[in-house]
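The block underneath contains the structure these notes are about, expressed in structure tokens.
All of the numbers you see were taken from the coordinates with simple rules; none came from a lab. Keep in mind that this is a model prediction, so the values were computed, not measured. Cβ coordinates were reconstructed from backbone atoms using ideal geometry, including for glycine residues, and neighbour counts include every protein chain displayed.
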Amino acid sequence: MFDIQKVRDDFPILGRQVNGKPLVYLDNGASAQKPQVVIDAIYTAYAEEYANVHRGLHTLSTIATEKYEGVRAKIAHFLNSGSEDNIILNSGTTEGINMVSYGWAAPRMQAGDEIVLSIMEHHANIVPWHFLRERLGVVIKWVDVDSNGDLDPEAVIAAIGPKTKLVAVTHMSNVLGTVVDVKAICAGAHAKGVPVLVDGSQSAVHMPVDVTDIGADFYAITGHKLYGPSGSGAIYVAPDRMAEMRPFMGGGDMIRDVTRDTVTYNDPPMKFEAGTPGIVQTIGLGVALDYMMDVGMDAIAAHEADLSAYARGKLDGLNWLNIQGQSLTKGAIFSFTIEGAAHAHDISTVLDKKGVAVRAGTHCAMPLMEHMGVGATCRASFAMYNTTDEVDVLIDALELCHDLFA
Ligand code: PLP
């Protein structure tokens, strides 16, 4: 059974005050807080078990390597990838998508080839494709969301033409909270022979993810949103795509043999993991995933669905609040502006005075902001440890903003 008080007690930072008020942390879409088990694991890794991985034969290196490598299997299990060999460890989603851009897409694309993106992508799933536009003359085809913030899978599939080489879409919008039917997109794209990259940065923390069932060719996750350390993450790469991909970075660990004239690469996935990795960050991510799986992804999703329904009801009651995105598949992420009120930054500052942490700005999603016709929004994004009481604190603080500014 999901025990919210037990979960809250596991996150020490939730006990602190901000500006004399109990912290209400609603900036989880940017980065989630860390449970004590993760903090302890980081401490232990440095205080008792630290050494570089893979290369050493001594005891500490063996322990560190076992712990580090053990995370690959945990991620494979967490994503149901079927094998740890299709999990590439990295520093997060940004690195994962750049790796696909440089290592898979660039060598197989030329001027006039197309990449299909949705308008609600994070810059991490836009800028690496702009690089290909700038360097190779690749064309980015955009698919809009409708007025509810929904992305119609059929519209994405319809945008795929003979020159399309890749579809890259988010599983969950970091601005609107819309959960996208990526399984339908994968099925439709594959029927046209086109691979799909899914940005799972936001989704993987809120719901069970099964990359095998989705049928994604690439699925990127980022550790710091999964209650793990920043600088950790992974990308699932389907076996066929893995075989096609060239290494993005060269260096130690990703090679088998180097001579003056030749280089032989290691087997995947290590072929794509050059240099000393984020050892302790990755170990911390493994503990965070264990923690989430112990709580239970279904239980987390159910708690957040209740929280989201409660928040939606309350926020909808504020008739001066403009909420962006009304998708029926919306998760617990709410972006809003206050009619006639000051800039989102001012709203965020007032909320902070009440101990409420939200994000304000363009959320690394400028094309979406332009599409919506808004300069900046405030975003309240929830996590497994948030409560309906905290929603009430948010609502009170928003009413204060309305009184002050509107
Ligand atoms: N994609 C989405 C949807 C995100 O929300 C984020 C982070 O905000 C990213 C990608 C980038 O993740 P990271 O900065 O951890 O690489």
Seminar exercise, completed: Scoring only Lys, Arg, Asp and Glu (+1, +1, -1, -1) among other residues with Cβ under 12 Å from the Cβ of S31 yields +2
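May I ask for the net charge around L328, where only other residues with Cβ less than 15 Å from the Cβ of L328 are counted and Lys, Arg are +1 while Asp, Glu are -1? It would help to have the intermediate numbers written out before the result.
On the way: positive: R312, K330; negative: D146, D150, D152, D181, D316.
Charge balance near L328 sits at -3.
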For this session: Please report, to two decimal places, log10 I(q)/I(0) for region 127-202 at q = 0.16, 0.23, 0.25 Å⁻¹ as given by the Debye formula with identical point scatterers on the Cα atoms and no solvent.
Result: -0.60, -1.15, -1.27
Exercise. DSSP loop trypsin sites (Lys or Arg not before Pro) in region 164-253 with at most 14 other Cβ atoms within 10 Å of their Cβ, which ones?
Worked result: K192
Exercise. Once phi is turned into ³J(HN,Hα) by the Karplus curve 6.51 cos²θ - 1.76 cosθ + 1.60 with θ = phi - 60°, what whole-Hz value does each residue of region 5-15 show in order, with x for glycine and proline?
Worked result: 5, 4, 4, 4, 5, 6, 10, x, 5, 5, x
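Using only DSSP helix segments of four residues or longer, with each worth -39500 (n - 2.57), what per-residue ellipticity at 222 nm results for the chain after dividing by its residue count and rounding to 500? Intermediate results must be reported in sequence, preceding the final value.
Details: 14 runs with 154 residues, N = 406.
Calculated mean residue ellipticity at 222 nm is -11500 deg cm²/dmol.
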Exercise. Give or take rounding to whole Å, what are the principal axis extents of the alpha carbon atoms in region 220-352, in descending order?
Worked result: 69, 36, 30
Exercise. Over region 1-63, how many percent of alpha carbon pairs lie in each 10 Å bin up to the one with the longest distance?
Worked result: 18, 33, 24, 19, 7, 0
For this session: Sorted from largest down, give the three principal axis spans of the alpha carbons of the chain, whole angstrom values.
Result: 71, 55, 35
Problem set entry | Distribution of pairwise C-alpha distances over region 225-280, 10 Å bins, in % | 20, 46, 27, 6, 1
Exercise. How big, in percent, is the set of alpha carbon pairs in region 52-151 lying more than 18 Å apart?
Worked result: 63
Problem set entry | Principal-axis tilt of helix 182-191 within the chain, Cα atoms, nearest 10 degrees | 40
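Using a simple charge model, +1 on the beta-carbon of Lys and Arg, -1 on the beta-carbon of Asp and Glu, nothing else, what dipole does the chain show about its Cα centre, in debye to the nearest 20? Don't jump to the answer; show the numbers that get you there.
Details: 30 positive and 49 negative charges, 180 e Å.
My answer is approximately 860 debye.
Add +1 for every Lys or Arg and -1 for every Asp or Glu among the other residues with Cβ under 9 Å from the Cβ of K354, and state the total. Kindly include the intermediate steps, with their values, before the conclusion.
Values: positive: K21, K353; negative: D352, D396.
Spelling it out: positives minus negatives among the neighbours equals 0.
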Seminar exercise, completed: Evaluated at 25 °C and 0.890 mPa s, the Stokes-Einstein D of region 268-314 based on the Kirkwood radius over Cα pairs, in µm²/s, stands at 182
Exercise. Near the amide H of V180, under 5 Å away, which other amide H atoms are found, from residues 5 or more places off or on another chain, if H is placed in the peptide plane?
Worked result: M172, S173
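Can you list which of the chymotrypsin sites (Phe, Trp or Tyr not before Pro) found in region 309-352 are DSSP loop residues with at most 16 other C-beta atoms within 10 Å? Before the final figure, lay out the partial values.
Values: sites: Y310, W320, F334, F336; in loops: W320.
Taking region 309-352 and a limit of 16 other Cβ atoms within 10 Å, the loop chymotrypsin sites (Phe, Trp or Tyr not before Pro) found are W320.
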For this session: Apply the Karplus parameterisation 6.51 cos²θ - 1.76 cosθ + 1.60, with θ equal to phi minus 60°, to every residue of region 161-175 and state each ³J(HN,Hα) to the nearest whole Hz, in sequence, with x for glycine and proline.
Result: x, x, 9, 6, 10, 7, 10, 10, 9, 7, 7, 8, 5, 6, 9
Exercise. Over all pairs of distinct alpha carbons, what does the Kirkwood formula give as the hydrodynamic radius of region 1-120, in Å?
Worked result: 18.7
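What number do you get for region 113-157 when its Cα radius of gyration is normalised by 2.2 N^0.38 Å, N = residues? Please report the intermediate quantities before stating the final value.
Numbers: Rg = 11.4 Å, N = 45, 2.2 N^0.38 = 9.3 Å.
So region 113-157 has a normalised radius of gyration of 1.22.
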Exercise. How large is ³J(HN,Hα) for each residue in region 144-157, as worked out from phi by the Karplus curve 6.51 cos²θ - 1.76 cosθ + 1.60 (θ = phi - 60°), to whole Hz, x for Gly and Pro?
Worked result: 6, 8, 7, 5, 7, x, 8, 10, 6, x, 5, 5, 5, 5
For this session: Find how many whole Å separate the alpha carbon centroid of region 46-95 from the alpha carbon centroid of region 4-18.
Result: 28
Problem set entry | Protection proxy ranking of 366-378, 66-78, 13-25 - average other beta-carbon atoms within 10 Å, highest first | 66-78, 366-378, 13-25
Problem set entry | Calculated on alpha-carbon atoms, Rg and Dmax of region 117-268 in Å | 16.9, 59
